[in-house]
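Just below is one structure, and these are the notes that go with it.
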Amino acid sequence: DAKTTQPTSMDCAEGRAANLPCNHSTISGNEYVYWYRQIHSQGPQYIIHGLKNNETNEMASLIITEDRKSSTLILPHATLRDTAVYYCIVRVIGQGGTASKLTFGTGTRLQVTL
Amino acid sequence: DGGITQSPKYLFRKEGQNVTLSCEQNLNHDAMYWYRQDPGQGLRLIYYSQIVNDFQKGDIAEGYSVSREKKESFPLTVTSAQKNPTAFYLCASSQSGGGADTQYFGPGTRLTVL
């Protein structure tokens, strides 16, 4: 799986949009971009994923650049409950079994403040 | 309410004792996973099961054992052979185990060996 690079930490004021960047410059054509988050001492929570088109769901939006070398996760109106570590992961399509494991990096620690 | 449950949330054991961590899912997912997370680090795959009565070793299977007698259950036993068992253990499941299949996580069990 391609390596990802994320900032170590970010701050965001409550009610404002949180934009979390991820660089995946070595991504291959058969790799999806996934985002998870982990609130302290809880299991990771799936947020969103995409291949090359922008995606939106009830939690967030995912913007993938045209060359697919980077992406941005957008939380449109951050709340205190969004404080967590956010992980950007790229995964190969079609490899099942143990190759389907998720490889988490160190992620971005997002702190939402009043 | 569909989801993945893990019990107990906190577990304490004496060194040399085997301990079994429970993982149950009612999502009708075929594939189930066990990961280990150490402080400040990402997830590492211990075991994976794609169907009932079948499982494969992950990256750090030594000192662990699993069973998959029922689709909804995937218990993990941490044996006395595991040299450093204190960690946060996460169970996950996905529809089929394919490479682009979204994995959903349980709340985790924090094991402390005294």
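When the criteria are applied in full, B:D38 meets the requirement of being surrounded by fewer than 15 Cβ atoms within 10 Å (Cβ to Cβ) and more than 13 Å from the chain's Cα centre (by Cα). So is B:Q82 within 13 Å of another protein chain (Cβ to nearest Cβ) and modelled with pLDDT under 95 or not? Against the criterion (within 13 Å of another protein chain (Cβ to nearest Cβ) and modelled with pLDDT under 95), B:Q82 does not qualify. For the stretch A:19-46, a tally of residues being at the interface with another protein chain (Cβ under 8 Å from one of its Cβ atoms), part of a loop (DSSP other than H, G, I, E, B) and touching a residue at least 40 places away in the same chain (Cβ under 8 Å) returns 1. Only one of the numbered conditions (1) crowded, with 17+ Cβ neighbours inside 10 Å; (2) within 10 Å of another protein chain (Cβ to nearest Cβ) is not met by A:A78, and that is (2). For the stretch A:1-41, residues that are under 13 Å from A:T72 (Cβ atoms) and of a type in the set (D, E, K, R) total 0. Residues in the stretch B:68-94 that are part of a loop (DSSP other than H, G, I, E, B) and within 11 Å of B:M32 (Cβ to Cβ): B:R68, B:K71, B:E72, B:F74, B:P75.
The number of residues in the stretch B:10-51 being facing chain A (nearest Cβ under 10 Å) and at positive phi comes to 1. Inclusion of A:I27 among residues that are modelled with pLDDT of 95 or more and either out of contact with any helix residue (DSSP H, G or I) (no Cβ under 7 Å at 6 or more places or on another chain) or polar (S, T, N, Q) (or both) is not warranted.
Candidates in the stretch A:89-114 are the residues that are assigned to a strand (DSSP E or B) and either surrounded by fewer than 17 Cβ atoms within 10 Å (Cβ to Cβ) or modelled with pLDDT of 95 or more (or both); of these, the one that is farthest from the other protein chains (Cβ to nearest Cβ) is A:T113. Filter the stretch A:47-75 down to the residues that are free of Cβ contacts under 8 Å to residues at least 12 places away in the same chain and within 14 Å of chain B (Cβ to nearest Cβ), then identify the one that is nearest to B:C91 (Cα to Cα). My answer is A:N57.
The values are calculated or read from the model by the stated rules, or taken from the named source; none is laboratory data. Quick caveat, the model's predicted, so the values are computed rather than measured. With ideal geometry, Cβ positions are generated from the backbone for all residues, glycine too; neighbour counts draw on all protein chains shown.
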